[in-house]
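*Asks:* Before I ask anything, let me first share the structure, which is written out below as structure tokens.
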Amino acid sequence: MADAHTRGPASTRRRKKKSPWYLKLLVTIGAMLMVASAGSYIAFVGLTNRYENKVDKEDILGGIPMPEAAEGETNAAMNFLMLGSDSRDIESTEQTDSTGSRSDTIMIVHIDKDRRGAFIVSIPRDSYVNVPAGGKWRGGKNKINAAFSFGGANLTAKTVYELTNVPLNGAVIVNFAGVHAMVSAVGGVRVCIPYKVKSSFTTKVWEKGCHDMGPDEAEEFMRQRKGTPGGDLGRIKNQQHVLKALAGKATETGILSNPVKLDRLLTTTAESLTIDKNMNLRDLAFALKGIDPNNIKFATVPILGTMTTDAGSSVQLDDAGAKELFAAIREDRTDAWLAAHPQPEVASL
């Protein structure tokens, strides 16, 4: 990817999704890596081609540049935009309006140029930022998740790019609902949390410590906002804890090396994802080949607190802190940034 290039105009349309995007993406990419690391190039190419031919592709990132490799270097760092929405969320009335649905999950996944680690940054859905003109929206300040409602994934991508100035290699869109299939595939997950969570939907309480969760419980846990320290920031923490647990369990059980289970899982996943048309899954899989799950780090964009705006209760980003983080991503200095800005175990507003 030594040459930078931009993409043309984008269009959007409605999509039917079933399972959480980040779980499916993780397991799918992990599966491809298992085949690649086994040394079977033919099997690897066949697997990625079969999967890529079934994935729905759209021009999501029209006009947004891709990363460039520095002079004298072969590889550039890679960045991907991840969007997810949850139509089954009990609080969905707060996140939708007459123009359509909103994105509940917005993340940037950064793969360092040495291909040794991944850095996943969450942008709070209520962040009050400038949303460029798109659709019926004339442009101006709003919650970042409103961009999806006004102009779909492309306007969301433009909003994220304007906020971060981080070039993007690709994008993934999925519905957030349906954690059951992925957690069931690995036989449940063991999730360890450093805080107490009370369910807003049932009488369930998760005390500080480790919990063995089946698919229903894991999905319920990931949806918690009001009963989690830090509100929506706490829900982001919950999502990250389940993601880490799933990655570990998938590796431990060897499900990714079982040809029958692997093929079934990939087929199901491929039919429920939409990716940017320029996103090359084979290149991505090779790029991730050397990454250890233990080298996947998480962070949230720095904030100052909440404030009341024309869009309602919103999250005020720490502009200086956010700019420093985004610069670290662009310059592939995320390890140094994380060392200087350790993430709190418990979220707070």
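*Asks:* Out of everything in segment 208-238 that is more than 18 Å from Arg125 (Cβ to Cβ) and among the aliphatic types (A, V, I, L, M), what residue ends up being modelled with the lowest pLDDT?
*Replies:* Within segment 208-238, the match that is modelled with the lowest pLDDT is Ala218.
*Asks:* I've got another one for you. Output the number of residues of segment 142-157 satisfying the condition of being under 17 Å from the mean Cα position of the chain (by Cα) and under 19 Å from Ser122 (Cβ atoms).
*Replies:* 7
*Asks:* A follow-up question, please. Within segment 158-181, how many residues are at pLDDT 95 or above, in a helix (DSSP H, G or I) and closer than 27 Å to Asn238 by Cβ?
*Replies:* So the count comes out to 4.
*Asks:* Only residues in segment 144-155 that are part of a helix (DSSP H, G or I) count as the first member; pair them with residues that are acidic (Asp, Glu), Cβ under 7 angstrom, at least 6 apart or cross-chain, and list the lot.
*Replies:* Ser149/Asp97
*Asks:* Scan segment 318-349 residue by residue and report those that are modelled with pLDDT under 95, closer than 19 Å to Tyr128 by Cα and either out of contact with any Leu (no Cβ under 9 Å at 6 or more places or on another chain) or hydroxyl-bearing (Ser, Thr, Tyr) (or both).
*Replies:* Ser348
*Asks:* Continuing with the same structure: Among the residues of segment 213-222, is there at least one that is surrounded by 17 or more Cβ atoms within 10 Å (Cβ to Cβ), within 21 Å of the chain's Cα centre (by Cα) and not in a helix (DSSP H, G or I)?
*Replies:* no
*Asks:* Suppose we filter Ala336, Ala327, Ala287, Ala320 for residues that are over 17 Å from Ile236 (Cα atoms), part of a helix (DSSP H, G or I) and touching a strand residue (DSSP E or B) at 6+ places or on another chain (Cβ under 7 Å); which single one remains? Give the steps one after another, and end with the answer.
*Replies:* Working: Ala336 fails: touching a strand residue (DSSP E or B) at 6+ places or on another chain (Cβ under 7 Å); Ala327 fails: touching a strand residue (DSSP E or B) at 6+ places or on another chain (Cβ under 7 Å); Ala320 fails: touching a strand residue (DSSP E or B) at 6+ places or on another chain (Cβ under 7 Å).
Testing whether each residue is over 17 Å from Ile236 (Cα atoms), part of a helix (DSSP H, G or I) and touching a strand residue (DSSP E or B) at 6+ places or on another chain (Cβ under 7 Å) leaves just Ala287.
The values are calculated or read from the model by the stated rules, or taken from the named source; none is laboratory data. Note that the structure is a prediction, hence the values are computed from the model and not measured. As a convention, Cβ positions derive from the backbone with ideal geometry for all residues, glycine included, and neighbour counts pool all protein chains shown.
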